[in-house]
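Following: one structure in structure tokens, then a few remarks.
Laboratory data are not the source of any read-out in this text; all were calculated from the coordinates shown. From a predicted model like this one, the values you see are computed outputs, not experimental measurements. Backbone-built Cβ (ideal geometry, glycine too); neighbour counts: all protein chains shown.
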């Protein structure tokens, strides 16, 4: 079975629905038509550009180009992690912490999946490497941002409690233990929910896409399970590392709580 | 013996030697830096100068071991678990009784304790760590007369028995007269001696 190729006319028809929605918003004075149209335009332009990039990348499947693309994705994800925190760390730490953690975790799990599990030739072939890394980064980004945001916010709000625990002679890792535990939990909730609801409440997007393009459902399901496990493991490792490093950074060598290191 | 040498936080400098078993009261207008000085002695905030206890310098030992030895009682008591007993590492029946609590207090919920009860419990919690020196930041501010008397008695006995130097921040001149061996007051950038 071959996938049915969409023409640009098909897309225009779909775009017509958005225009109708915008017109309704104008008519009912809901004032979302501007945002709606801008977002629709952005999604069109951004995805077309990415399509062109991926097409070029597939045509020149060299390790250099794939690495470059991966690097750009990582740097953007690192910025997102910082931007989503209410009180990120000051200075280089604010950006470097999330980025480094995602680099270690997402790249390691993606490499593991490509080399050990999928094992195609060459292993960096962009058709597998880029979507896999994209899904890893996207989910890890959400998890790490949630966990770090929770950790730094918690430390900020619980300053008096943490300092009391320090004053009672607890080591920093004991004094911050409750916040680390809570942050890890908060960071992992989205992916745990996604695994629990997969197939029952929602059909995961990747699997749906594969089925739409003609892959037999059982093959699509196997890929989806693989991806889910990789994402969960990658997000979990990233969160553990991020909260450990973040927790350390909240204290100095004399185990003092240093909220002045947060913005 | 607790020695502060050129201990400096913000603009206040403290040079002070507290002998074994001696209680030194510290007073001064609010915002003058009393709490900051106590927190600096406990090494909870960055500071200049040296603090030495029984020949060992603060900077020379792991911070958590220093804080177990030099116990700080913050002005407001803080709790992290649901029940009182979860905050205690050992049984403190005698000390709890001295502050008017029976052993059943360990099962109480923190959320249902009054401010004064929490404050008295925080004092017992600090003593449960067996600190060899005490830094007390207005320990009786939220207590009634009976409670104040019990706390003063408990601290004085602890200090005598353990030969623990005590630095006690207090606004209450009556309390200073009752417990202090010496009285200091923060004045500008330094500390002046007040005669008892």
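The angle separating the long axis of helix A:33-59 from the principal Cα axis of greatest extent in chain A is about 80 degrees. Pairs of Cα atoms under 8 Å, at least six residues apart: use those to get the relative contact order of chain A, whole percent. Computed over chain A, the figure is 24 percent. Spatial offset of the range B:56-106 relative to the range B:161-192 amounts to 22 Å, using the alpha carbon center of each.
Per residue of chain B, the DSSP helices (runs of n ≥ 4 H) give a summed -39500 (n - 2.57) that works out to -9000 deg cm²/dmol at 222 nm. With R₀ set to 51 Å, the beta-carbon distance separating residue A:200 from residue A:48 gives a calculated FRET efficiency near 0.90. Among the residues of A:245-255, the average count of other protein chain beta-carbon atoms within 10 Å of the residue beta-carbon is 2. Take every DSSP beta bridge whose two residues both sit in the protein assembly as shown, then give the antiparallel share in percent to the nearest 5. Restricted to the protein assembly as shown, the bridges split so that about 55 percent are antiparallel.
Averaged over the residues of B:126-133, the number of partner chain Cβ atoms lying within 10 Å of the residue Cβ comes to 2. Each residue of the range B:22-89 gets 147 Å³ once the volume of the Cα convex hull is shared out per residue. Once the Cα atoms are used to define both axes, helix B:145-162 deviates from the longest principal axis of chain B by about 70 degrees.
The three principal axes of the C-alpha atoms in chain A carry coordinate ranges of 69, 56, 38 Å, sorted with the longest axis first. Highest mean first, the peptides B:107-114, B:11-18, A:32-39 sorted by other C-beta atoms within 10 Å per residue fall in the order B:11-18, A:32-39, B:107-114.
The label-point distance for residue A:226 and residue A:27, in a model that sets each label 7 Å from Cα toward Cβ, rounds to 4.9 nm. GNM remark for chain B: springs join alpha carbons under 10 Å apart, and the peak mean-square fluctuation among B:48, B:117, B:95 falls on B:48. Counting Cβ atoms of other protein chains within 10 Å of each Cβ in A:168-177 and taking the mean gives 5.
Specify whether the C-alpha gyration tensor of the range A:1-59 places it in the rounded, prolate or oblate class, a ≥ b ≥ c being the square roots of the eigenvalues: rounded for a/c under 1.5, otherwise prolate if a/b is larger than b/c and oblate if not. Oblate shape, in that a/c is at least 1.5 and b/c is the bigger or equal ratio. Every helix of 4 or more DSSP H residues in chain A counts as -39500 (n - 2.57), and over all residues that averages to -24500 deg cm²/dmol at 222 nm. Relative to a virtual label point 7 Å from the Cα of residue A:60 in the Cα→beta-carbon direction, which members of the range A:123-142 show backbone nitrogen distances below 20 Å? A:123-131, by backbone N distance to the label point. Angle between the Cα long axis of helix A:8-27 and the longest principal axis of chain A, 0 to 90 degrees, nearest 10? So the helix axis and the longest Cα principal axis differ by about 60 degrees. Projected onto their three principal axes, the Cα atoms of the protein assembly as shown cover extents of 96, 50, 43 Å, largest first.
Protection proxy ranking for A:4-10, A:182-188, using the average of other Cβ atoms within 10 Å per residue and placing the highest first: A:182-188, A:4-10.
Structure remark: mean-square fluctuation, Gaussian network model of chain A, C-alpha springs under 10 Å; the largest value among A:11, A:115, A:28 belongs to A:28.
Mean-square fluctuations from a GNM of chain A, with a 10 angstrom spring cutoff on Cα atoms, peak among A:153, A:139, A:193 at A:193.
Ranked by the mean number of other Cβ atoms within 10 Å per residue, highest first, peptides B:187-196, A:245-254, B:53-62, A:64-73 order as A:245-254, A:64-73, B:53-62, B:187-196. The calculated FRET efficiency for the pair residue A:96 and residue B:56, based on their C-beta separation and a Förster distance of 35 Å, comes to about 0.40. Overall size of chain B from C-alpha positions, given as principal axis extents largest first: 46, 38, 30 Å.
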